[in-house]
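Just below is one structure, and these are the notes that go with it.
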Amino acid sequence: MADTIFGKIIAGEIPCHRVYEDDRVLAFLDINPLTRGHTLVVPKEPAATLDQLSDESAAALGRVLPRICRAVMAATGVREYNVLENNGPGAHQAVFHVHFHIIPRPGPNEGLGLRWAARSLDQGEAVELVKLITTALQKAP
Ligand code: AMP
């Protein structure tokens with residue numbers, strides 16, 4: 001098990017407020033919630049970032065993530081929410097074990113703050129990117 005706080009939670013070495021567990025996935029309440037019901041969904045596999053996760057763990061996460069979202073929304077009575085997954089310190093990752101945040105958004109000034117500085121997609125750049133990404137997918141699916 002990787003030496004992170006989530007590895008220790010999965011190993012049962014430190015406690016958590018568990019809401020879901022199966023062979024591959026654990027979900028528990030975030031200890032510093034952005035809003036009421038803020039929940040973390042974590043693969044038991046000790047991958048630091050999403051790109052390092054096995055297909056098996058990814059499938060297990062994908063299977064239960066919507067179900068846990070539904071349960072958090074039912075429990076909080078909130079209908080809108082963000083699912084966030086940070087990869088790398090520059091992308092605000094603090095715990096280097098993959099985890100999805102489910103963050104209820106009860107109102108416009110509560111929950112996840114976002115700066116979405118979008119620009120238009122350049123057509124030439126799009127063509128080049130499609131080539132680069134599809135080639136990368138063929139090399140290392
Ligand atoms: P991130 O910035 O995506 O790596 O988020 C890490 C999250 O883990 C933060 O929201 C923390 O509040 C949360 N966290 C850290 N330690 C614990 C813990 N022991 N139990 C529950 N959540 C934790």
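The values are calculated or read from the model by the stated rules, or taken from the named source; none is laboratory data. These figures come from a predicted structure and were not determined experimentally. In this analysis, Cβ positions are derived from the backbone assuming ideal geometry, glycine residues included, and neighbour counts consider all displayed protein chains. Heads up: the accessible areas ignore ligands, DNA and RNA and are worked out on the full protein's heavy atoms, side chains in. Shrake-Rupley method; radii C 1.70, N 1.55, O 1.52, S 1.80 Å.
The slack between ARG70 and ASN109, meaning 0.36 nm per residue of separation minus the straight C-alpha distance, is 11.8 nm. Carbon-plus-sulfur accessible fraction, the chain (probe radius 1.4 Å, protein heavy atoms only): 56%.
Once the Kirkwood radius over Cα pairs is known for the chain, the Stokes-Einstein relation at 20 °C and 1.002 mPa s delivers a diffusion coefficient of 128 µm²/s.
Scalar couplings 3J(HN,Hα) for segment 69-84, obtained by applying the Karplus form with A = 6.51, B = -1.76, C = 1.60 to θ = phi - 60°, are 4, 4, 5, 5, 5, 5, 6, 9, x, 9, 9, 10, 6, 10, 10, 10 Hz; x denotes Gly and Pro.
Accessible surface computed residue by residue for segment 1-136, with neighbouring protein chains in place and a 1.4 Å probe, gives 64 Å² per residue.
With the charge dipole of segment 5-115 set up from +1 on Lys and Arg Cβ and -1 on Asp and Glu Cβ about the Cα centre, the Cα lying farthest toward the positive end among the listed residues PRO108, ASN32, TYR81 is that of PRO108. Annotation: amide H of ASN82 within the under-5 Å range of ILE103, ARG105, sequence separation 5 or more or interchain, hydrogens built in the peptide plane.
Considering only the other residues whose Cβ falls under 11 Å of the Cβ of GLY7, what net charge follows from Lys and Arg at +1 and Asp and Glu at -1? Taking every other residue near GLY7 into account, the sum is -1.
On C-alpha positions alone, give me the angle between the axis of helix 123-139 and the longest principal axis of the chain, in degrees, nearest 10. Its long axis makes an angle of about 60 degrees. Just add up the charged neighbours of CYS69: K/R +1, D/E -1, any other residue whose Cβ is under 14 Å from the Cβ of CYS69. Overall, the nearby charge balance is +3.
Rounded to the nearest whole Hz, the Karplus-based 3J(HN,Hα) values (6.51 cos²θ - 1.76 cosθ + 1.60, θ = phi - 60°) of segment 93-106 follow the sequence 7, 10, 10, 8, 8, 3, 7, 9, 8, 10, 10, x, 10, x, with x at glycine and proline. Each residue of segment 35-49 was assigned a 3J(HN,Hα) from its phi angle through the Karplus curve 6.51 cos²θ - 1.76 cosθ + 1.60 (θ = phi - 60°); the sequence is 9, 4, x, 3, 10, 10, 10, 10, x, 6, 4, x, 7, 6, 10 Hz, with glycine and proline shown as x.
Annotation: amide H of LEU26 within the under-5 Å range of VAL42, LYS44, sequence separation 5 or more or interchain, hydrogens built in the peptide plane. In terms of the Cα gyration tensor, with a ≥ b ≥ c the square roots of its eigenvalues, is segment 58-141 rounded because a/c is under 1.5, prolate because a/b exceeds b/c, or oblate? Because a/c hits 1.5 or more and a/b exceeds b/c, segment 58-141 counts as prolate.
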